[in-house]
1. Does at least one position in region 145-165 carry a residue that is closer than 16 Å to residue 28 by Cβ and out of contact with any strand residue (DSSP E or B) (no Cβ under 9 Å at 6 or more places or on another chain)?
2. Give the number of residues within region 96-116 that are without any contact (Cβ under 8 Å) to a residue 12 or more places away in the chain and part of a strand (DSSP E or B).
3. Could you check how many residues of region 61-95 are among the small types (Gly, Ala, Ser) and touching a residue at least 24 places away in the same chain (Cβ under 8 Å)?
4. If you take just the strands (runs of 3 or more DSSP E) that sit entirely in region 1-92, which of them hold at least 3 residues that are among the β-branched types (Val, Ile, Thr) and surrounded by 12 or more Cβ atoms within 10 Å (Cβ to Cβ)?
Amino acid sequence: MDQSIINFAVYEDDTEFCGMAEATLPDLSSLTETISGAGIAGNFEIPIIGHFDAMSLTLNFRTHTEESLNLCKPGYHTIQLYEAVQNSNRTAGTLDVKQARHVFKVIPKTYKAGKVAPAESAGASGEYAVHYWATYIDGDKVLEVDPENFICEMDGTDYLADVRSALGK
């Protein structure tokens, strides 16, 4: 049974962002089409296979750091977010630790410098447009979303493989 994130670390390349407050992962929101017409009593939506609205990653920083400001530079940045996740093994009666790792290819959208006040965190944050997202649990890839390369893989199934084939890719 999964219980909690014990702690996490964020890296750009080999640089760890110490003092990181939290990260808000993207939402996967499918593009939809409304279906209506003869023989249908009303309207209904259908999600389009493997197609999602634009995704954003938000990183919140306690203070202003060189690393957080470097993420403002135009261009692609590769961000890796590692989680140590606590799980309860009820059969063995133990608490186990699993690793979750998220890999993002991002471009900066917004940097909020936050505030400056005595004995308080700055509340600085950055929002980044996500162009690639993969998630690994204990080393196994469980999610890969790569809109530019027509990849939508979940738990070993690439839902856009047939679409790539139909498009001659």
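1. yes
2. 1
3. 4
4. 77-89
Here is a yes/no grid of residues against (1) open to solvent by less than 50 Å² (accessible area, probe 1.4 Å); (2) small (Gly, Ala, Ser); (3) more than 30 Å from residue 158 (Cα to Cα):
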position: 106; (1), (2), (3): yes, no, no
position: 111; (1), (2), (3): no, no, yes
position: 114; (1), (2), (3): no, yes, yes
position: 121; (1), (2), (3): no, yes, yes
position: 124; (1), (2), (3): yes, yes, yes
position: 127; (1), (2), (3): no, no, no
position: 130; (1), (2), (3): yes, no, no
position: 133; (1), (2), (3): yes, no, no
position: 143; (1), (2), (3): yes, no, no
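Residues are listed down the side, and each one gets a yes or a no for (1) in contact with a strand residue (DSSP E or B) (Cβ under 9 Å, 6 or more places away or on another chain); (2) within 30 Å of residue 120 (Cβ to Cβ):
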| residue | (1), (2) |
| --- | --- |
| 3 | yes, no |
| 7 | yes, yes |
| 15 | no, yes |
| 28 | yes, no |
| 35 | yes, no |
| 38 | no, no |
| 42 | no, no |
| 46 | yes, no |
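The values are calculated or read from the model by the stated rules, or taken from the named source; none is laboratory data. All values reported here derive from a predicted model rather than from experimental measurement. Cβ sites come from the backbone with ideal geometry, for glycine too, and all protein chains shown count toward neighbours. The protein model used for the area step is the full one, side chains on, heavy atoms only, and it has no ligands, DNA or RNA in it. Shrake-Rupley method; radii C 1.70, N 1.55, O 1.52, S 1.80 Å.
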